[in-house]
Amino acid sequence: MRKHIFNAGPCKLSDRTIENTAKAVLELNNCGQSIMEVSHRSKDFEPVLDETIALMREILNIPENYSVLFLGGGASLQFCMIPYNFLKTKAFYLNTGTWATKAKEEAELLGFGEVVSVSSKDKNFTYIPKGFEVPKDVDYAHITTNNTIRGTEIREDWDFGVPLIADMSSDILSRPVDVTKYKMIYGGAQKNMGPAGVTFVIIENEFAKSFVTDRKIPTMLKYMTHIDNGTMYNTPPCINIFAIRETLLWIKELGGLKIMDKLADERANLLYNAIDNSKMFVAPVQVKEDRSRMNIDFVFKPEFQELEADFLKFVASKNCVGLKGHRSVGGLRASTYNACTIEDVKSLIVAMTEFEKSNL
Ligand SMILES: *Cc1c(COP(=O)(O)O)cnc(C)c1O
């Protein structure tokens, strides 16, 4: 029996993704070979990649003048590729949490230019800063639209009047996005798309061409390398791309991103309401518009703190797994990505309510 999976990443994927990928591991398209064995440049795999890119374009409404890449190294490698390619003199980073901090620190580490930032660290990253100015002379501004660990989210497409780059690792495909507002969108696939091991990059071609020309950029770290080679400069992660295609087909069948958006609202509203109405739990993110719909953080009120281990055992006995908060922040976290169902959320709420009743 499948559990109610609330893992933060890797995380729950659609049944279709898992079943069809499992079949392709045994044999791809009756070609007598596993997806693990087939050449990435064969007529059996190339259409998989082409279709995955076409589905990305269709579902996310990506304009023709953007490239879609599937790379290795995780979102974390993008933290270094971005400044390597584009940081000439100055960059802006909105520091809204753990991953945003890592992205900014990587830019600082390389020392290619000045790094300026605005942060919500003063309140433990429990809100999204607003109304700040981004200097007009930056090469780019970097934001993290969903803060997977801290449980905050930017759900609008911002415009600072400078090239905008967004880490959308954990909220891509959860709402329609105006891609034209961004020069680049990227993320690890393991939250809303597929298994860990592939990173998606959506990048405007003109922007990619504006890389720093008087710097020696390692071939693999250069966006133009991957664009010029149709994201096959080196062997792509074939199974992962296949799984992403299945997820995209699943989303398309359900009706696209407007439906994902609606379902995300429903799941998050149900769970935040349960937390807000509980006597035992509280959500650290109190600014409602800043609350993530993908990662719902909650903690025990201080007087109930010692119940945490019991709670995790209890919900596990009700088949709800993955609820321990990130090791860096503690507490609890329910990740409610696209594949998480209303039934999963309801099962968790029933377990929370039952636990609360018997421990108050
Ligand atoms: C998970 C995550 C990352 C790190 O992704 P990797 O693929 O493990 O490198 C970066 N940013 C955000 C917002 C994430 O949620």
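The values are calculated or read from the model by the stated rules, or taken from the named source; none is laboratory data. Just so we're clear, the structure is a prediction, and the values are computed from it rather than from any experiment. Ideal geometry is used to build each Cβ from the backbone, glycine not excepted, and the neighbour counts take in all protein chains shown.
Summary table
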{"read-out": "Candidate set: the stretch 96-118, residues that are surrounded by fewer than 22 Cβ atoms within 10 Å (Cβ to Cβ) and under 23 Å from residue 298 (Cβ atoms); chosen: the one nearest to the ligand (Cβ to nearest atom)", "value": "98"}
{"read-out": "One residue from 316, 339, 274, 268 being touching a strand residue (DSSP E or B) at 6+ places or on another chain (Cβ under 7 Å), among the small types (Gly, Ala, Ser), surrounded by 13 or more Cβ atoms within 10 Å (Cβ to Cβ) and modelled with pLDDT of 95 or more", "value": "268"}
{"read-out": "Selected residue [over 29 Å from the mean Cα position of the chain (by Cα) and of a type in the set (D, E, K, R)] from 310, 297", "value": "310"}
{"read-out": "Top-ranked residue in the stretch 297-309 [being in a helix (DSSP H, G or I) and touching a residue at least 40 places away in the same chain (Cβ under 8 Å); ranked as surrounded by the fewest Cβ atoms within 10 Å (Cβ to Cβ)]", "value": "307"}
{"read-out": "Breaking point among (1) surrounded by fewer than 18 Cβ atoms within 10 Å (Cβ to Cβ); (2) modelled with pLDDT of 95 or more; (3) under 21 Å from residue 189 (Cβ atoms), for residue 334", "value": "(1)"}
{"read-out": "Answer residue from the stretch 73-94, given it is among the polar types (S, T, N, Q) and closer than 23 Å to residue 190 by Cβ and is surrounded by the fewest Cβ atoms within 10 Å (Cβ to Cβ) among those", "value": "76"}
{"read-out": "Sole exception among (1) without any contact (Cβ under 8 Å) to a residue 24 or more places away in the chain; (2) in contact with a helix residue (DSSP H, G or I) (Cβ under 7 Å, 6 or more places away or on another chain); (3) within 23 Å of residue 342 (Cα to Cα) for residue 19, by number", "value": "(2)"}
{"read-out": "Matching helices (runs of 4 or more DSSP H) fully within the stretch 1-95 where at least 3 residues are farther than 29 Å from residue 160 by Cα", "value": "15-26, 46-60"}
{"read-out": "Residue match in the stretch 96-105 (condition: under 27 Å from residue 288 (Cβ atoms), in contact with a helix residue (DSSP H, G or I) (Cβ under 6 Å, 6 or more places away or on another chain) and polar (S, T, N, Q))", "value": "no"}
{"read-out": "Test for residue 219: is it among the hydroxyl-bearing types (Ser, Thr, Tyr) and closer than 25 Å to residue 156 by Cβ", "value": "no"}
{"read-out": "Candidates 185, 165, 172 - the one that is touching a His at 6+ places or on another chain (Cβ under 6 Å), more than 9 Å from the ligand (Cβ to nearest atom) and in the same structural domain as residue 245 (by TED's automatic domain parsing)", "value": "165"}
{"read-out": "Inter-residue pairs, beta-carbon under 7 Å, first closer than 25 Å to residue 253 by Cβ and in the same structural domain as residue 244 (by TED's automatic domain parsing) and in the stretch 31-55, second in a helix (DSSP H, G or I) and among the aromatic types (Phe, Trp, Tyr), 6+ apart", "value": "35/242; 48/242"}
{"read-out": "Residue 59 being in contact (Cβ under 8 Å) with a residue 60 or more places away in the chain, surrounded by fewer than 21 Cβ atoms within 10 Å (Cβ to Cβ) and more than 10 Å from the ligand (Cβ to nearest atom)", "value": "yes"}
{"read-out": "Verdict on residue 38 being β-branched (Val, Ile, Thr), surrounded by fewer than 17 Cβ atoms within 10 Å (Cβ to Cβ) and either within 16 Å of the ligand (Cβ to nearest atom) or more than 25 Å from residue 186 (Cβ to Cβ) (or both)", "value": "no"}
